[in-house]
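Heads up, the thing below is written out as structure tokens.
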Amino acid sequence: MNARRLRLELQPSPLLAVAIVALHAGAAASALVALPGTAGALIGAGLLALGALAAWRGALLRSASSVRVLELEGAALNVTLAGGQAGLGEVAPRRYVSRLVVTLALRAPVRRTLLITRDMLDADSFRALRVWALWGRLPAVAAKQLPAWPAAPARVELFHCACVCGT
């Protein structure tokens, strides 16, 4: 891992795909309960189709417009799509970072929000992405090891004399 530049190749996340489809299925069931009949069934089918499309593009990374590679360089973000298009991504200031997920709102080249889960990257790369998302720079290692502190004294004397007060 280079301290100045980091290339992150995203892997598909089946767990995220299942979660997306399950949440859309719940929304479809709610629409069917709220609007019984043909209208509820059409809205429910539309929500299921939307969930499948979101999982296909965002979690399984199968669409040509899916983000496959992130290149972090300083505060800049280069984005490469699955179709081969690449460009400098402009990241909005609003971000969410946790130990399970990082969200980045892109303004350019296309306006979208990236949801990157822990299973899309290896542990070190995900940690570096979290640091970059929080601080705008990659973690770096010191050029040389810092000197160790001198050994602590074996016994520390707090008081030089023993006295009993109040006698």
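Bear in mind that the values in this text are calculations on the coordinates, not laboratory data. Please read all numbers here as calculations on a predicted model, not as lab measurements. Glycine also receives a Cβ, built like all others from the backbone with ideal geometry; neighbour counts cover every protein chain displayed.
A few notes on this one:
- Shown here: segment 3-153, whose C-alpha atoms stretch 79, 44, 25 Å along the first, second and third principal axes, sorted largest to smallest.
- Projecting the Cα atoms of LEU32, LEU8, GLY83 onto the dipole axis of segment 1-106, where Lys and Arg carry +1 and Asp and Glu carry -1 at the beta carbon, places LEU8 farthest toward the positive end.
- For LEU10, the amide hydrogen comes within under 5 Å of the amide hydrogens of VAL69, LEU70, counting only partners 5 or more places away or on other chains and with H modelled in the peptide plane.
- FRET efficiency estimate (nearest 0.05) - Cβ-Cβ, ALA64 to LEU100, R0 35 angstrom: 0.80
- Debye-formula intensities of segment 1-72, expressed as log10 I(q)/I(0) at q = 0.11, 0.12 Å⁻¹, are -0.39, -0.45 (one equal scatterer per alpha-carbon, no solvent).
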